[in-house]
Amino acid sequence: MAGSMGHGGWGMMRSLRRDEDVLNQRIERATIRRMITFAKPYRGMLALFISIVVLDSLVVVVNPLVLRQIINLASRHPGANQVFTLAMRHSRVDEIIGLALLVALLAVLDAGFTLTERRISSVIGEYLIYDMRAKVFRHIQSMPISFFSRTQTGALISRLNNDIIGAQQAFTDLLSNIVGNVILVVLVLVTMALLSWQITLVALVLVPLFLVPAKALSPRLAKLFRQGMGLNAEMNTMMQERFNVAGAMLVKLFGRPTEEHAAFDGRAAGVRDIGIKQATYQRMYFVGLGLTAALATAFAYGFGGASVVDGTMQISTVVVMTVYLARLFAPLTQLSNLHVDLMSAVVSFERLFEVLDLEPMLAEAPDAVDIPAGPAEVEFRDVRFSYPTAEEVSIASLEAVSVLERTGRTEVLHGISFTAAPGTMTALVGPSGAGKTTMSALIPRLYDPTGGEVLLNGVELRRATTSSIIDTVGVVTQDAHLFHDSLRANLLYARPNATEAELDAALESAQILGLVRSLPNGLDTIVGERGYRLSGGEKQRVALARLLLKAPRVVVLDEATAHLDAESEVAVQRALDVTLAGRTSIVIAHRLSTVRNADEILVIDHGEIVDRGTHVRLLTHSGLYRNLYETQFATQVDREASAEEELTA
């Protein structure tokens, strides 16, 4: 039952875990209205839930009264008339048995109500969690890449876990506690007052004796919980950084074991010490609650016992009053912290709404059209671009800062214009930070240009359907990402309905089928976190196989060959020469083989196209390109020639 001492005590513990700052929050009507929208689909179940809570409270109050009647019947002395006494005895035994059966029935009803209440609250709570998580997840997925580049992953996960659970409790735990405790307290106090107003008055006087110290204890305990959460976060962050593959490798290469152990031991010791303090203060709370109840019970026995001796009170009344006292203090205490619990739930909702109110920057137009079929042409028309500001794509609480940066937009692309004809390869070259990656990100519409247009087959991307853009453009990024799953699952992410033959064909084109077949589990081999069980070249070729399986009409290779050795690159290049035939490709080039095979090379510097042409032409006409060639490409000539000879042999 919601009003039991244990439940009420732990309910207050949840209150103390909340940051005391929630007390300074105001409950906005708009927030309440938005909260109710989540509960509307379950209003029928909520009504049933509240009804059962009310009925269960009635059962809890009625049960001691039945026990009182049993005690009265059992303790009544027989009269002088023996015949009458025997008849009365049989009648009294029958009545006691009937009342005992009623107690058993009430116990069964209480158990049934409790189980039903728990079942309904679980259904409502889990469906609410599902609805809110799905809504927030879909919304986060619609956010631009710049949103993810600014926010902390842990903060986002916290919104999907902790805040959603906190919001869900507003409709289950909090609602049942309010309704159940209010009804229980009212019924218990009324019943106690009717039985003995003196004991009831003393009980009410004793309540502040516990609540005042508890209120004084709350800020200190809340501070300990905040410190504990912070220390746990620091310890978890250290473990997360050192337990992933990249972090573990860094520790192996540069870490000093003694210092690493000492640093972790220090954080773990902090968690240990704060845990001891928390346990001590928690026990002080429960001891105070138990002591208050014990004092009230002692008074009930003392005053009630004296009244029984004087003949002004029945012994059954004394027993029942002690039962009611045990059921009074916990719900009273929990109701005294109702504001904290309510504000905690409201704050959880506000944190969720904070995320949901971030408008996606890349919405699909209502009149969007599909990109026309056939070989694809990529065109940039006077494209200008500046990355969105923090205020446009993020919120401070997701970046672990108090105030977002207020810097204005800085243009990084200035009037870019070019056309990549169907089936041609266009290479982007230039110094680091010139704008090559930014240009490649506009083609799959990871961002929208701030000026000008990007077109695929004559359709401006802001007027194209998202699905047709995804189907048309395929990208291999600088660091190809593989999920911690099997090779098969990672490949099927590109085309879920691909057959075994299609998987093999893609792997063969990426020059990695032989390796996959040599693995003990073949395509069912787990690649590890971010694909770390594979070498750089192997992971890159799996990513290329995934791209080839998708079979897009436009391929964007964002430094896709940067992690391959010369032998692997030549093998992959052979596959690409065949696979890219008839497809348009935009390649950020860092390899000589790429620029030599390109139909057109765009030389990018400071966000502008400063020259364009073939490899041969640019070597003689472009100073910047020749400088790039001498510093980046010329040294690769002998190495690639040697690799080509080895593969041919």
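The values are calculated or read from the model by the stated rules, or taken from the named source; none is laboratory data. From a predicted model like this one, the values you see are computed outputs, not experimental measurements. Virtual Cβ from ideal backbone geometry, glycine too; neighbours counted across all protein chains shown. Areas reflect the complete protein model, heavy atoms only, side chains present, ligands, DNA and RNA absent. Shrake-Rupley method; radii C 1.70, N 1.55, O 1.52, S 1.80 Å.
Within the stretch 279-286, not a single residue is at pLDDT below 70, loosely packed, with under 15 Cβ neighbours inside 10 Å, among the β-branched types (Val, Ile, Thr) and part of a helix (DSSP H, G or I).
Residue-by-condition table, conditions (1) modelled with pLDDT of 85 or more; (2) touching a Leu at 6+ places or on another chain (Cβ under 9 Å); (3) closer than 30 Å to GLY288 by Cβ; (4) of a type in the set (Lys, Arg):
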{"residue": "SER4", "(1), (2), (3), (4)": "no, no, yes, no"}
{"residue": "LEU16", "(1), (2), (3), (4)": "no, yes, yes, no"}
{"residue": "LEU23", "(1), (2), (3), (4)": "no, no, yes, no"}
{"residue": "ARG26", "(1), (2), (3), (4)": "no, no, no, yes"}
{"residue": "ARG33", "(1), (2), (3), (4)": "no, no, no, yes"}
{"residue": "MET45", "(1), (2), (3), (4)": "yes, no, no, no"}
{"residue": "SER57", "(1), (2), (3), (4)": "yes, yes, yes, no"}
{"residue": "ASN72", "(1), (2), (3), (4)": "no, no, no, no"}
{"residue": "HIS77", "(1), (2), (3), (4)": "no, no, no, no"}
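Filtering the stretch 346-391 to residues that are out of contact with any helix residue (DSSP H, G or I) (no Cβ under 8 Å at 6 or more places or on another chain) and small (Gly, Ala, Ser) leaves ALA363, ALA373, GLY374, SER386.
Apart from one condition, LEU106 fits all of (1) open to solvent by less than 30 Å² (accessible area, probe 1.4 Å); (2) modelled with pLDDT under 85; the exception is (2). For the stretch 583-627, filtering for residues that are over 19 Å from ASP558 (Cβ atoms), in a loop (DSSP other than H, G, I, E, B) and under 41 Å from the mean Cα position of the chain (by Cα) leaves 1. Screening GLU559 with (1) under 35 Å from the mean Cα position of the chain (by Cα); (2) under 24 Å from GLY435 (Cα atoms); (3) modelled with pLDDT of 70 or more gives one miss only, at (3). Of the listed requirements (1) modelled with pLDDT of 70 or more; (2) surrounded by 15 or more Cβ atoms within 10 Å (Cβ to Cβ), HIS621 misses just one: (2). Looking at the stretch 317-404, the helices (runs of 4 or more DSSP H) lying wholly inside it that each contain 3 or more residues that are modelled with pLDDT of 80 or more sit at 338-356. Among the residues of the stretch 297-316, which ones are open to solvent by less than 70 Å² (accessible area, probe 1.4 Å), free of Cβ contacts under 8 Å to residues at least 12 places away in the same chain and either assigned to a loop (DSSP other than H, G, I, E, B) or closer than 13 Å to THR200 by Cβ (or both)? The answer is GLY311, and nothing else. The sole residue among SER122, SER142, SER146, SER91 that is open to solvent by 30 Å² or more (accessible area, probe 1.4 Å), closer than 30 Å to PRO449 by Cβ and at pLDDT below 85 is SER142.
None of VAL185, VAL190 is crowded, with 18+ Cβ neighbours inside 10 Å and modelled with pLDDT of 85 or more except VAL185.
Reported count of residues in the stretch 509-529, each being assigned to a loop (DSSP other than H, G, I, E, B) and open to solvent by less than 40 Å² (accessible area, probe 1.4 Å), is 5. Could you tell me whether VAL136 is assigned to a helix (DSSP H, G or I) and in contact with a Leu (Cβ under 7 Å, 6 or more places away or on another chain)? Here the answer is yes, as VAL136 does meet what is asked. Tell me whether the stretch 298-309 contains one or more residues that are in contact with a Phe, Trp or Tyr (Cβ under 8 Å, 6 or more places away or on another chain), of a type in the set (Val, Ile, Thr) and either at pLDDT 80 or above or within 28 Å of ASP173 (Cβ to Cβ) (or both). The answer is no, given that none of the residues of the stretch 298-309 is in contact with a Phe, Trp or Tyr (Cβ under 8 Å, 6 or more places away or on another chain), of a type in the set (Val, Ile, Thr) and either at pLDDT 80 or above or within 28 Å of ASP173 (Cβ to Cβ) (or both). Evaluate the following for ASP448: is it out of contact with any Ser or Thr (no Cβ under 8 Å at 6 or more places or on another chain) and more than 17 Å from VAL556 (Cα to Cα)? So ASP448 fails the test.
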